[in-house]
Amino acid sequence: MSKKVALNTLGCKMNQYESDSLASDFINAGYEIVSFDEEADVYVINTCTVTNKSDRKSRNSINKARKSNNSVVVVTGCYVDSAKHKLENETGITFLIENQKKNQIFQLVDAYFNGEILHDNNQDVFDFHTTDKGLRTRATIKIQDGCDSFCSYCIIPYVRGAGVSRPLNDILDSIRSHLENGFKEIVLTGINMSCYNHNGVDFKDLIGHILNIDGDWRLRISSLEPDMMDENIVDLFSHPRMTPHLHLCLQSGSETILKDMKRTYSFTQYSNIVKKIRERIPHFNITTDLIVGFPGETEELFQESIDACKQIGFGHIHTFKYSKREGTQAAKFTNQIDEKLKNQRSEVVRILSEQLKFDYRKSLIGTKQRVLIEKSSNNKYSGFGDYYVPVKFNGLNLNKNDFVDVLITGIEKGEDPFLIGEVIEG
Ligand code: SF4
């Protein structure tokens, strides 16, 4: 009987990508992937440490796995890099694997079951294999790791290390291999992709090379930092293979707070970028991260963030309550904000985000979109359109992973409002 592997992935898209690649390694070797709630021979927890909440969730997941009977427990990810000494003294963890060595988990576990001991010394942070097609409709490709920016609130540069960029040819080969595997949407990921630079090939050059790869497929750039956005990058979005969606991290709409956060752009610069993008592509979907309750955030400065969000008209706001991370500059700031107030502000932004999301999606009624089908049942289909908004429609004899042209005719209310559409014949 095949051995069962359960993975729990916390945090960002990078962790998800790395877990998918790891799951694919296990599948290819005949292991079975099961849900984290089921009994398994191997539990892998890919942790996150970006906030106190992420630490708590990582800990809970580790504790749950440690209670299992005789299972192999692998703990990896950013929480390992930030709390290694604590974790090293705990029982029930078979392997504690730092981010740098994450790509060796499959070999270590497989060798363990064969009674061998491997030394985990491969430190290539890009040595991840092609994702199995059964796991996702979109293939995520890692192009970069680490960050040199040291924003005052962020622990990531301390746990992921300095920025490193993956060689151009490795990226192109990986994309070609995923396309040959049948994927039709490629998503790029990294910790701070805007600072990609490998042997003089910068982010814009890289995208230019990627877009030259032939075939019926599309490219999604997940998340970028505003400071590196210039006309050249904005121009890239006019390419037919580029999808009109970008997660552009704002973090605060207050110039004062942005400075204290050591972000290297102003809100004025941010809104000018959005203006330029939407001059070219009017319905362009901008989503963002926003931190509430950063030290020194008065009611007035919080209101500046609210006004900024309304002005931009975000398609979604991912809100974080500021979390004091030991070792960062902002942890030493004396004007910390009360937790109750952070909760209140977080709720205000959540409600605003729902409203803005609904308004944005409603504005897409009447547009024509190319939907990549993710689910089908009894001639009812759903998938994501160009703008990264979910669309439902009826049709005949269509298949998962087909592109279909759909006219958007309505919207269905709910926590994640779906667009409703009709297939455009011919
Ligand atoms: S750009 Fe700033 S927020 Fe983003 S990972 Fe780097 S230090 Fe953290």
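Quick rundown of the values:
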item: Environment charge at Ile337 (Cβ cut-off 14 Å; Lys +1, Arg +1, Asp -1, Glu -1); result: -1
item: Within the chain, helix-based [θ] at 222 nm, where runs of 4 or more DSSP H residues each add -39,500 (n - 2.57), nearest 500; result: -10000 deg cm²/dmol
item: Kyte-Doolittle at least 0.0, axis length at least 15 Å by Cα - qualifying DSSP helices, the chain; result: none
item: Taking N as its residue count, the alpha carbon Rg of segment 1-80 over 2.2 N^0.38 Å; result: 1.05
item: Size descriptor, Kirkwood hydrodynamic radius, that averages inverse alpha-carbon separations across the chain, Å; result: 23.0 Å
item: Efficiency of FRET between Asn397 and Glu422 - r from beta-carbon atoms, R0 25 angstrom, step 0.05; result: 0.95
item: Spacing of the two label points (7 Å from each Cα toward its C-beta) at Ser363 and Thr264, in nm; result: 3.0 nm
item: Positive minus negative residues near Cys249 (Lys, Arg vs Asp, Glu; Cβ under 11 Å); result: -2
item: Partners for Lys340 among aspartates and glutamates (Cα-Cα distance below 14 Å; same-chain residues under 8 apart left out); result: Glu297, Glu299
item: Beta bridges by DSSP in the chain, antiparallel share as percent, to the nearest 5; result: 35 percent
item: Neighbour-count order for Thr334, Thr298, Thr51, fewest beta carbons within 10 angstrom listed first; result: Thr334, Thr298, Thr51
item: The chain, relative contact order in percent, only Cα pairs under 8 angstrom and at least six apart counted; result: 10 percent
item: Charge tally in the Cβ shell below 15 Å around Ile213, where Lys, Arg are +1 and Asp, Glu are -1, Ile213 excluded; result: -2
item: Rg over Rh [alpha-carbon atoms, Kirkwood Rh] for segment 368-423; result: 0.92
item: Segment 325-426, Rg to Rh (Cα coordinates; Rh as Kirkwood inverse mean 1/r); result: 1.24
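No value in this document is a laboratory result; all are computed from the given coordinates. Please read these numbers as outputs of a predicted model, since none were measured by experiment. Here Cβ is always computed from backbone atoms with ideal geometry, including for glycine, and neighbour counts include all displayed protein chains.
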